[in-house]
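Asks: Below is one structure. I have some questions about it.
The values are calculated or read from the model by the stated rules, or taken from the named source; none is laboratory data. What you see is a predicted model, and the numbers here were worked out from it, not measured in a lab. Cβ atoms come from the backbone with ideal geometry, glycine included; neighbour counts cover every protein chain shown. The protein model used for the area step is the full one, side chains on, heavy atoms only, and it has no ligands, DNA or RNA in it. Shrake-Rupley method; radii C 1.70, N 1.55, O 1.52, S 1.80 Å.
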Amino acid sequence: MGIVTVVGSSGLTVQVTIDGARMESLASAYAKQISNAASTGSFGSIDLGRGSNTVSSLTTGTAQGVVTIGGSFAMSGDYTNLLIGSENSASGAVSPLGLPVTVNGSGITSNSLSVLAGNTASTSFYAGNYNGTFVSTAGNNLFDGTGRSGNWTIATGAGDDTIIAASGVNNIRAGEGRNLITLGTGTNFVASEGQDTITGVENASDTVTLIGGDSSVTLKSNALVVDTALTGSAISVGTNSSVFGGTGSTVTFTGETGTIIGTVGDTISAAGDLQVYHGTAQAISVSGALQFISGTGDTSINAGLGTIWGANSLHATVDTAGRALFTANQPNTTGDQYIDASSSRGTLEAWTGAGNNTLIGGSGADQFVFGTQFENANGNSYATVTGGNGAANRFGVLAGHNGGDITITDFGSAAGNMFFMYNYKPADADQAVKNLLDTATVSGGNTTLQLDNNMKVTFLGVGDLKASSITIS
């Protein structure tokens, strides 16, 4: 631990024990403020005694209360500063203050208060209705703004701190301990370095950045969580909230809408609709509608409805109550993608694009469209498709499709399965089907058709493909 020296009372100085470079910077800024005030002569410093301490009204200047002993103190009047530390006499340095200190600042009448506490034991401060800065550089601390209004900047060291924010604009940075942070109405910014429990309320705008990880965060509507930690946290947010980042966290959206971006290995659930962007290896459960955009890795999706925009190396199992729509490629995406909806309660509509796609439908009436032209991802489509053996499925292409090689593994497994070619508008549809069948080659009990634009479609296990199973319109 280090020491920062601050101008005190009666020509003496006060030593503030600090823990870490961040605390040293904040304590030094306070010391410079007091030194500047003292050099101009607009400064008064008062040693506080246990019990009540009142300062007379000041028209200008800085009024600093100083605590160098343990105990309980009450402040009233126009105090602008509070300093808690060890008094340094002319004979030399003294030991750091290591006794509990409690200060009731509810009677302070100035517009703002700056607090610097360097107590290796504990400091408890009860705020009033004013703005301020609370910096406690060591020990276990309590800042209590319950029921108060005011804008506060609050910073604590590596102890286990309790912070109850006032209703205003709060900028809170707790240290590396196990901190308990309760936010009020208003606007709150929290940087969490420790293993913290953070709780918010409605009618607030909360932004929480997780640095240390292994925290518990429970916020309400309109919240933002930036999870930069490498260890997971438990995060719960309300409607219209967003979560960025995260590694191995559990994230719960309790409201109607939410957004989560750039997570790795998170477990995500939502009571309403959810947008998921650029995640890797996620487990997602959404009661409402899911928009899954550019996710990758081994991913589990369970949703009421789902729209899935794929990305390279996506390997997803999908279960929806209603329709799941899969489009294979985002711009400049040509890598492998795998969609398995075999256990889905709903239906799958899948559009293959450039690259290698594996698609597995469920027991519903699924539809598969091959060789789709996507912006900036316009290459041959190679797909292996399994429709499922429940309701009849549809497989096919749109006019203007890309080339490629498509394999349908189970065309004969469900009665009524159809192959379609849409938007061709032939003068004679029956003749168009006959012409297509004339391209067929049969080998090993499988049939391959040669489509336009250099696309082949192979029907495994089908040696006698019927015209009644094909429609061209």
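Asks: Going through THR162, THR153 one at a time, which residue ends up being over 21 Å from the mean Cα position of the chain (by Cα), closer than 16 Å to GLY132 by Cα and open to solvent by 10 Å² or more (accessible area, probe 1.4 Å)?
Replies: THR153
Asks: Next question, about the same structure. For the subset of the range 124-140 comprising residues that are of a type in the set (Gly, Ala, Ser) and within 15 Å of ASP160 (Cβ to Cβ), which member is surrounded by the fewest Cβ atoms within 10 Å (Cβ to Cβ)?
Replies: My answer is SER124.
Asks: Further, regarding this structure: Among the residues of the range 22-48 satisfying the criterion of being in a loop (DSSP other than H, G, I, E, B) and within 19 Å of THR109 (Cα to Cα), which is modelled with the highest pLDDT?
Replies: Within the range 22-48, the match that is modelled with the highest pLDDT is LEU48.
Asks: Is there a residue being open to solvent by 40 Å² or more (accessible area, probe 1.4 Å), out of contact with any helix residue (DSSP H, G or I) (no Cβ under 7 Å at 6 or more places or on another chain) and under 24 Å from GLY288 (Cβ atoms) anywhere in the range 179-199?
Replies: Scanning the range 179-199, I find no residue that is open to solvent by 40 Å² or more (accessible area, probe 1.4 Å), out of contact with any helix residue (DSSP H, G or I) (no Cβ under 7 Å at 6 or more places or on another chain) and under 24 Å from GLY288 (Cβ atoms), so the answer is no.
Asks: Which count do you get for residues in the range 171-182 that are in contact (Cβ under 8 Å) with a residue 24 or more places away in the chain and not charged (D, E, K, R)?
Replies: Total satisfying the criteria: 2.
Asks: Restricted to the range 360-404, and to residues that are surrounded by fewer than 17 Cβ atoms within 10 Å (Cβ to Cβ) and touching a Pro at 6+ places or on another chain (Cβ under 7 Å), which residue is modelled with the highest pLDDT?
Replies: Per the stated criteria, the residue is GLU375.
Every residue, every condition in (1) assigned to a loop (DSSP other than H, G, I, E, B); (2) within 22 Å of ALA350 (Cβ to Cβ); (3) under 48 Å from the mean Cα position of the chain (by Cα); (4) not aliphatic (A, V, I, L, M), yes or no:
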| site | (1), (2), (3), (4) |
| --- | --- |
| ASP410 | yes, yes, yes, yes |
| ALA415 | yes, yes, yes, no |
| MET421 | no, yes, yes, no |
| TYR424 | yes, yes, yes, yes |
| THR439 | yes, no, no, yes |
| SER468 | no, no, no, yes |
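Asks: On the basis of being under 21 Å from GLY168 (Cβ atoms), at pLDDT 95 or above, not in a strand (DSSP E or B) and not basic (Lys, Arg), does GLY147 make the cut?
Replies: The answer is yes for GLY147.
Asks: Would you say THR5 is at pLDDT below 90, open to solvent by 60 Å² or more (accessible area, probe 1.4 Å), among the hydroxyl-bearing types (Ser, Thr, Tyr) and in a strand (DSSP E or B)?
Replies: Criteria met by THR5.
Asks: Here is a further query. Does the range 441-466 hold any residues that are open to solvent by less than 40 Å² (accessible area, probe 1.4 Å), hydrophobic (A, V, I, L, M, F, W, C) and not in a loop (DSSP other than H, G, I, E, B), and which are they?
Replies: Scanning the range 441-466 gives LEU449, LEU451, MET455, VAL457, PHE459.
Asks: How many residues does the range 155-168 contain that are free of Cβ contacts under 8 Å to residues at least 40 places away in the same chain, assigned to a strand (DSSP E or B) and farther than 21 Å from THR109 by Cβ?
Replies: Matching residues across the range 155-168 total 4.
Asks: Would you please list the contacts, defined by Cβ atoms under 6 Å and residues six or more apart or on different chains, that run from a residue in the range 189-214 that is over 12 Å from GLY175 (Cβ atoms) to a residue that is open to solvent by 40 Å² or more (accessible area, probe 1.4 Å) and among the small types (Gly, Ala, Ser)?
Replies: THR197/SER216
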